[in-house]
Amino acid sequence: MARHGLHRSTRIRTAPRRRAIAIGVVGGAVVAGIVATMMPLLASDDLSIRAAADTTATAVSQDGDNAAKTTLATCPTRCDGNPRGGREAVIEFAVTTVPAAAVNLRATLRVHAWQQFAATVTAYASPLSAREARPAPASAGDALDSVTAVSSGFNEWDISKLVTGNGIWTVSLAQSGLESRIYWASVDNRNPDLRPSLMVSYDIGASPSSPTTRLTPGAARTTSVPKPPPTVAPTTRTPSATATPTTPTGGCGSVSDKLVPSCGAWWGMYSPAGAAGGWDHGKAVTDVETQVGRRFDIVHRYHDFSNAGSNGAFPDAYELRQMREGRLLFFAWESRDFSAGATLTWADVYSGRQDATIDAVAGRIRAAGVPVFLGFDHEPEDEPAKGSDADFVRAWRYVHDRFATAGTTNAVWVWTMMGWSGHYSRYAGLYPGDRYVDWVAYDPYNFHVCNGSTVWKSPSATVGGFYDWLDDSGIGAGKPRMLAEFGTNFNSADLGAKQRWFQEFPAALKAHPKIKAAIYFNSAGMTSRTASCDMTMNHDASAVAGFAQAGQDPYLRQPTGVSR
């Protein structure tokens, strides 16, 4: 598709040995490591490391001044007589040195108060960034631990349910039972011994066969998704950063190091969040999953080069929860700044002017510790202001090479074109080369009247044109193919047509077996909603029923990962 607007807005027992890790606090969104394999248990000891970044989240516009403070504050919504005076202390930690063989990781948050208070203070997983000055409070994530009376000195919370491995973890402290502010020592306190800290320890060794429960920063607690029983017993799908990737062996149920399933295809979704829903990108997906009765294999998100907030500081808290729950993430990375409405050129990228942003994103993806799909500037043939086709190739290779230099080997590179026949002559010049591309993707749509046509295209006709052209041209030969976006309108003259289109879609994929992933673009953002045009999957009950039926087809139900 062309533009979509702002896309705003993962044995033998040996003698015991002991290990401790150092942890610092850094800014950015929550990043989680996924540990997919475990080793036999060995003891560890603890090390307390001081924090380096925190903030007070509050809706109060002025509290003395907005400069950096030596204190954090907590207070209920009604605070010191102000009915909107709530404050939460937000603290971020970076865990970087937990080995792949670590199990039974234990994490204790320690924050200093100067007085005793008869108040309950609860630690939550948080979607906020501690680098933002006085962010607005957000919906709390999972409750981790509480102290029911604040002590003078250090208070401690067990946050082991959040800190499950390497990554950037964000915690917020919320207060109840006392409608007056409590002040806590911040990272700016002149006495370094009073600053917040995280104490982490772990064991080395094999874990029980069952996976550990992982909690979600900033996700509502009421969005659990019903999981239909799998037809094949699920196995662990997502390897840790240090594990040997699986390679398809010919039987179903294995996944290659480039995330290619050995049978069938992944089923994915782009579902945008909005202001009305508090920009909750997690709920935007789970709401659709609830409608269709299954989890998606792939969640697609669009990010920019701002390196800030959910637009640019990715993976964010929502994506990290989705990774921990077994979904694959596909980041479509656009050389833009969504909020500012600014567009970069490809020369801006390969000139080195964006190196800090590229390296920061590479670092966060590396820290996630699991394979992710990554595409740079999808549909570049529709971006004349960014430069020439050769400029695009040069920028793609530049970004790819910086990731390689950074050691970010868990990015699986997806080259995404519109796939329109009017651009067939350009695609050879837009292809970065086999060494730089892992998957070839395109964005087919049955627009029907949404683009002024009256043609109703079947699923097979919708996906078949560029598929056949790729076969004939030889571009990306041997690479798996992906429908990075696909969609269909409804037919106002035949209100059952959209449901049937979805029901027929699995057969179209089976007829095009090189397509190993299909992601629905569930947004009306690229077209106008009218009485005869609505490209969303769930615009009416019959469409939802058809899509749900497609998602139950065994071809789209991978016997890997979590129950789907």
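Readers should treat all values here as calculations from the given coordinates under stated rules, not as data from a laboratory. Owing to the predicted nature of the structure, the values given are computational and were not obtained by experimental measurement. When we count neighbours, we look across all protein chains shown, and the Cβ atoms used for this are built from the backbone with ideal geometry, even at glycine.
Hey, which lysines would be in cross-link range of Lys498, C-alpha to C-alpha under 28 Å, not counting anything within fewer than 8 residues on its own chain?
Cross-link targets: Lys227, Lys283, Lys457, Lys510, Lys514, Lys516.
Work through the residues other than Gly153 whose Cβ is under 12 Å from its Cβ and net out their charges, Lys, Arg +1 and Asp, Glu -1.
So the environment of Gly153 carries a net charge of -1.
Tally the DSSP beta bridges in region 266-556 and give the antiparallel ones as a percent, rounded to 5.
Here the share of antiparallel DSSP bridges comes out near 10 percent.
Which of Ser146, Ser453, Ser126 has the fewest other C-beta atoms within 10 Å, and how do the rest follow up to the most?
Values: Ser146 15, Ser453 12, Ser126 32.
So the ranking, lowest neighbour count to highest, is Ser453, Ser146, Ser126.
Near the amide H of Ala517, under 5 Å away, which other amide H atoms are found, from residues 5 or more places off or on another chain, if H is placed in the peptide plane?
Trp266, Leu483
Hey, fewest Cβ within 10 Å first, where do Lys161, Lys498, Lys516 land in order?
Lys161, Lys516, Lys498
Full extension from Asp359 to Thr70: what is 0.36 nm times the residue separation minus their Cα-Cα distance, to one decimal in nm?
Details: separation 289, 0.36 × 289 = 104.04 nm, distance 3.07 nm.
The Asp359-Thr70 span can extend by a further 101.0 nm.
By count of other Cβ within 10 Å, fewest leading, how are Val361, Val103 ordered?
By the 10 Å Cβ count, ascending: Val103, Val361.
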